[in-house]
Amino acid sequence: MKIIGTSVPRKEAPNKVTGRARYANDINVPGTFHAVMVPARQAHAQIIAIDTDEAKKVPGVKAVITGKDLSVLSGDVMEDRPPLARDKVRYWGEPIALVVARDEAAARRAAGLVQARYQPLPVINSIQDALDKKAALVHQQNGSYTVATPPVYPKKHSNIADEANVTKGDMDKAWKDSDVKVKVHVSLPQIDHAAMEPRIAKAEILADGRVLIHASTQAPFEVQKLLAKYFKLNPGQISVTAPLVGGAFGGKAGVQLEILAYVASKAVGGQMVKIVNTREDDLATSPLGMGFEADIALGASQDGRIKAAEMRFFMDIGAYADSAPRIARAIAAQCTGPYAVPNVHTDVYCVYTNHTYTTAWRGFGHMPMTFAVERAMDELAEALKMDPLDLRELNAIRPHDVTPTKARLTRSNLGDLPKALTHMRQLIGWNGGRVEALGPGRVRVQGVAAFWKTSSSPPNAVSGALITMNSDGSVNLSIGAVEFGPGTKTTAAQILAEQLRIPLDRVFIHEDVNTQVDPEHWKTVASLSTYMVGRAVLDAAKDLMTQMLMVAASVLKCSPDDLDYGDEKIYVRDDPSIYLDFKDLALGYKYQEGDSIGGQLMGRGKFMIRHLNLLDQQTGHGRPGPAWTVGVQAVEVEYDQNTHQYRILKAATVIDAGKVLNPAIASGQVMGGMNMGLGVASREGIFYDSDGRLLNNQLRLYKLMRMGEQPKQYLVEFIETPQVDSAFGARPIGEHAVLAIGAALANALSRAANVSLNMLPITPEAIWRARRAR
Amino acid sequence: MLPFGIEYYRPDTIDEALKLYRRLRENHQEPVFYGGGTELLTRARLQNVHFDAVIDLKNIPEVRVHGRSGDWLEFGAGLRLTDLADGNLWPLLTATADRIADHTTRGQITLGGNLLSTIPYREASLPFLLMDEAEALVATEDGIESRPLANLVSDSFIKPGEFLVSVRVKGDEAKGIAYRSRKMTRQDWIDYPLVTVAVTRRADGSLRAAFSGWAGFPFVSSAVNHILSDTGKSARRRAQEAVAHMPVKALEDLHGTREYREFVTEYTLAQIIDELEDD
């Protein structure tokens, strides 16, 4: 039996491709009420009055709630966000009221009738606006909010919500030792997750006090904990169900609609209430991915060895902090990219603005960080007159090096970047970065960039797995990780099937996650599910087999050590003709006389992250994750020097996967990541006008890459350096293909257009402007 | 979803449609004439427009005409944009109309809906604006009136209670003409235009250009056409001068800045002139 390493289809694939898969909005109970948010139409303003009288008159309307009705402040790191704006609005699209009605049409009509009067305040429309000494404050209370999850260091009387620093080595000496110095300033707009399924939550408060939540979420256990905290409930009272999720990308790790659904249900006597984002809500009201600016300075000796890295990163986190302080630390901890840099000074700032607030976005800050670092690397290669790939190979981080936060690296906890770089030369047919003329004004060029990432997870993250047996000897598997596309459930089932030596179709995996019955999994984020769930499943499989062998041993009158298993049988090792079928043991063994032993067999498994710690406030030193996944990405583009239009011919990734558990799913995940990263790099971006109004809150204006616009060819190659503490040696690869592909594109086009392209998205106009500004 | 209820009517004749509209108005209702719905429904969902009755015109035979009638090539206002491309009776119209939105949406959008859209582009009008003889047939209380399509963008082109039945061009003029139509976007194949340029070259060598996306309405300019037709100058030079002499300033919006629109329009015009004059 070989299931690990084979391209089995996803467990949920037949239901998905026939339209039978059920998402949160597909399961509806008759009589469910609808809640609709009323969005602010100012970016920064004092609320003078909200008139809900007309809205309440609409037939079918049951309740209209405003910020005045709620005393809760939410936020998983720092509690700075009222679920409905109170006293003032801080972004265009912020919910100022919630209408609950018998049906959606009534709720929407009524929402249109809620009238707000505002006293406009100066709009903080950019990082520069926010950092101005005389800037208006997005939060007067900054610095006095309750800190829910340290560390976070807000700066009073400023728009700086948090600051994270890393220092290593001796910067003065490093600069003296540097023969070549480059400086790069990069600038990236906020972006959307653009999951196919908009966010949704349903809440119901039963007569016995139990709270039932159904939501499209990556973090059902977080929803449970936060609702309990905000509304003074016992976590056990709250049952959160997360069915299949239609794409998440970090955007469903935050808790927003769940709070509003609960508040709405409470306002109508506990009736089930549903709140579903329109695409407009999903873009302007629910959190985005952060905007970003960075100043990178690199110093190197003449032979190309990097001596110094001095960096300042500024995150446009929007109006509320959400996960930004965690992301800031992730950026700080990996700030050099996958290179050994002895001397580092890095400051990361979370900056409040009057933009839509932000949360995790695939890569957890590593994508913008990588863009900045990899643009600087290409500038350095140019200054040194070195092949950009050679420069990366020379400086690639290796076992026995330490990270910027002085975490020790080993062959197991770090993939093999030099090998990945070597493979990339072959895969893309690396030409050294030369600009090749194709015809009048037309050139072809390649660009390359490398990445690394660890999980930046809390040091006490847990996961679990439960196995029960069915009468036919098949098994049910229950885990706490949500399925939002990357095949998490299938991977867990593969691991279990491999361990029990049974076919994959004998493993039935619980598709939904329900906090009441499934074991806790921290959050389905950080590409950690295979690692954490995998270990829990191994543990549960071992537990199950121990029990099965014990019962079998007593039936077969031998020691468990005499037994082996396979083909759904437990047999005596030296005489396999003496055996029991799994099904004979699944629900207890029944002797011929009728008396029975054993009962239903269940396997329990758990896993907890170990050896991580919070980064030190002064130096930033600490261990941010269990292991680092490394890889390299490249593109080949054709560029027209007259019109500045370009076409991506090839996009390639070589990633150290540790061990590929499912090649088809893994390549799909990597291709999807490249597609997403190239979409961001080439067209995506949130636009605000001068008053802070979000202009492109629809997909007709927020452009995503469409079929036919993708590169002509996607190339994916895996190398396998096992991570020895992970199931079968597999490394996290879920987010990673998004990380460096945009930088590779920028590097290619910068050479093709002969101008530094340090901003995203790179549209033909952006290139044209950069060339004009030269 | 629509946040309000509507009555739906599908009359079979022009007369019936007009009477229905009048009756609903007398009844203090807010009727709208309805084609493909892509604009009315998406705007209604956001409560940007309100109506309580729709009069779907697509069952009226005159609204579905598609073909020659004497000297005229006629196109019913109720034809889908995909119908135009599938029939391909007028390749210039196909070239322009088949670049509007995406294929799925073009299967809903009607010619009349695009010509009278509140979205500023209305690219299907460009081929008609380039003709000497292009007419709209409009259903009015006083019967069918023909109106020159050159006036399409004037506010009073269609008055409340009237509807567009069809548009027509002279077959000989429309088909005996060399053309190019090019939609330029910010980045994507499917997007609103930065500028869509449709250019014809007549037997006498004269060029005419129609533009969408440059301003808040589609237009042709005789001054620009005059510049473009000056074959004594290079294509590049003519394109430069044309852009400098546009009748209105270029838009500045999230698709592109004014200067960039000028840049794109200029090189697009230059390319098209070269191509048409090389043919």
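Residues in the stretch A:355-404 that are part of a helix (DSSP H, G or I) and polar (S, T, N, Q) were compared, and the one that is farthest from A:Leu528 (Cα to Cα) is A:Asn395. Screening the candidates A:Gly566, A:Gly599 for the property of being of a type in the set (Gly, Ala, Ser), under 30 Å from A:Val517 (Cα atoms), surrounded by fewer than 18 Cβ atoms within 10 Å (Cβ to Cβ) and in contact with a Gly (Cβ under 7 Å, 6 or more places away or on another chain) yields one hit, A:Gly599. Look through the stretch A:187-241, keep the residues that are outside any strand (DSSP E or B) and among the hydroxyl-bearing types (Ser, Thr, Tyr), and return whichever of them is nearest to A:Gly269 (Cα to Cα). Top of the filtered list is A:Tyr230.
Here B:Asp132 clears all of (1) surrounded by fewer than 16 Cβ atoms within 10 Å (Cβ to Cβ); (2) touching a residue at least 24 places away in the same chain (Cβ under 8 Å); (3) not in a loop (DSSP other than H, G, I, E, B) except the condition numbered (3). The residues in the stretch A:368-401 that are in contact (Cβ under 8 Å) with a residue 40 or more places away in the chain and out of contact with any helix residue (DSSP H, G or I) (no Cβ under 9 Å at 6 or more places or on another chain) can be counted, and the count is 4. Considering B:Arg45, B:Arg25, the condition of being more than 27 Å from B:Glu141 (Cα to Cα), in contact (Cβ under 8 Å) with a residue 12 or more places away in the chain, out of contact with any His (no Cβ under 8 Å at 6 or more places or on another chain) and not assigned by TED's automatic domain parsing to the domain that holds B:Leu164 is satisfied by B:Arg45 alone. The condition (being out of contact with any helix residue (DSSP H, G or I) (no Cβ under 9 Å at 6 or more places or on another chain) and either closer than 25 Å to A:Asn696 by Cβ or surrounded by fewer than 23 Cβ atoms within 10 Å (Cβ to Cβ) (or both)) is satisfied by just one residue among A:His355, A:His345: A:His355.
Residues in the stretch B:88-123 that are surrounded by fewer than 24 Cβ atoms within 10 Å (Cβ to Cβ) and polar (S, T, N, Q): B:Asn88, B:Thr94, B:Thr104, B:Thr105, B:Gln108, B:Ser117, B:Thr118. Scanning the stretch A:755-774 for residues that are without any contact (Cβ under 8 Å) to a residue 60 or more places away in the chain, more than 14 Å from chain B (Cβ to nearest Cβ) and either not in a loop (DSSP other than H, G, I, E, B) or not aliphatic (A, V, I, L, M) (or both) yields a single hit, A:Arg774.
Would you mind listing the strands (runs of 3 or more DSSP E) fully within the stretch B:23-88 where at least 1 residues are within 30 Å of A:Arg108 (Cα to Cα)?
Here the list reads B:31-34, B:53-56.
The set of residues in the stretch A:684-713 that are within 11 Å of another protein chain (Cβ to nearest Cβ) and either touching a Cys at 6+ places or on another chain (Cβ under 9 Å) or acidic (Asp, Glu) (or both) comprises A:Glu684, A:Asp689, A:Glu709. For the stretch A:724-750, filtered to residues that are crowded, with 23+ Cβ neighbours inside 10 Å and charged (D, E, K, R), the residue that is nearest to the other protein chains (Cβ to nearest Cβ) is A:Glu735. Of the candidates A:Pro122, A:Pro150, A:Pro154, the single residue that is in a loop (DSSP other than H, G, I, E, B), away from every other protein chain (no Cβ under 14 Å) and over 17 Å from A:Gly75 (Cα atoms) is A:Pro122.
In the list A:Gly112, A:Gly93, which residue meets the criterion of being within 14 Å of chain B (Cβ to nearest Cβ) and closer than 30 Å to A:Ile160 by Cα? If you could, list the steps in order and put the result at the bottom.
Working: A:Gly112 fails: closer than 30 Å to A:Ile160 by Cα.
A:Gly93 is the lone residue from the list that is within 14 Å of chain B (Cβ to nearest Cβ) and closer than 30 Å to A:Ile160 by Cα.
With respect to being in a loop (DSSP other than H, G, I, E, B), at negative phi and aliphatic (A, V, I, L, M), A:Leu661 fits the description. Figure legend. Inter-residue proximity from the stretch B:243-260: first residues not assigned by TED's automatic domain parsing to the domain that holds B:Tyr121, second residues surrounded by 13 or more Cβ atoms within 10 Å (Cβ to Cβ) and among the acidic types (Asp, Glu), beta-carbon distance below 6 Å, spacing 6+ or different chains. Indicated pairs: B:Val243/B:Glu262; B:Val243/B:Glu266; B:Ala250/B:Glu262; B:Gly256/A:Glu765; B:Tyr260/A:Glu765.
A:Leu587: farther than 24 Å from A:Ile479 by Cα and more than 38 Å from the chain's Cα centre (by Cα), yes or no? Here the answer is no, as A:Leu587 does not meet what is asked. What tally of residues in the stretch A:425-458 results from selecting those that are in contact with a Gly (Cβ under 9 Å, 6 or more places away or on another chain) and of a type outside the set (S, T, N, Q)? Selection size over the stretch A:425-458: 9. Whether a residue is buried (at least 20 other Cβ atoms within 10 Å of the Cβ), of a type in the set (Lys, Arg) and modelled with pLDDT of 95 or more was assessed, and A:Lys453 passes this test. If you take the residues in the stretch A:602-624 that are assigned to a loop (DSSP other than H, G, I, E, B) and among the hydrophobic types (A, V, I, L, M, F, W, C), which one is surrounded by the fewest Cβ atoms within 10 Å (Cβ to Cβ)? Restricting to residues being assigned to a loop (DSSP other than H, G, I, E, B) and among the hydrophobic types (A, V, I, L, M, F, W, C), the top hit is A:Leu614. Candidates A:Val255, A:Val268: the one that is closer than 22 Å to A:Met37 by Cα and in contact with a Leu (Cβ under 6 Å, 6 or more places away or on another chain) is A:Val255. Taken together, A:Ala651, A:Ala681, A:Ala664, A:Ala627 contain a single residue that is more than 14 Å from chain B (Cβ to nearest Cβ) and surrounded by 24 or more Cβ atoms within 10 Å (Cβ to Cβ), which is A:Ala651.
If you filter the stretch B:38-65 down to residues that are within 19 Å of A:Glu280 (Cβ to Cβ) and not hydrophobic (A, V, I, L, M, F, W, C), you find that the one that is surrounded by the fewest Cβ atoms within 10 Å (Cβ to Cβ) is B:Asn48. Only one entry of B:Thr110, B:Thr94, B:Thr118 meets the criterion of being more than 14 Å from chain A (Cβ to nearest Cβ) and at pLDDT below 95, and that entry is B:Thr118.
Scanning the stretch A:93-107 for residues that are charged (D, E, K, R) and surrounded by fewer than 24 Cβ atoms within 10 Å (Cβ to Cβ) turns up A:Arg102, A:Asp103, A:Glu104. Determine whether B:Phe4 is outside any helix (DSSP H, G or I) and over 21 Å from B:Ile109 (Cα atoms). Considered against the rule, which asks whether it is outside any helix (DSSP H, G or I) and over 21 Å from B:Ile109 (Cα atoms), B:Phe4 comes out as yes.
The values are calculated or read from the model by the stated rules, or taken from the named source; none is laboratory data. Note that the coordinates shown come from a computational prediction; the quantities given were computed from them, not determined experimentally. Please note: Cβ atoms are built from the backbone with ideal geometry, for glycine as well, and neighbour counts cover all protein chains shown.
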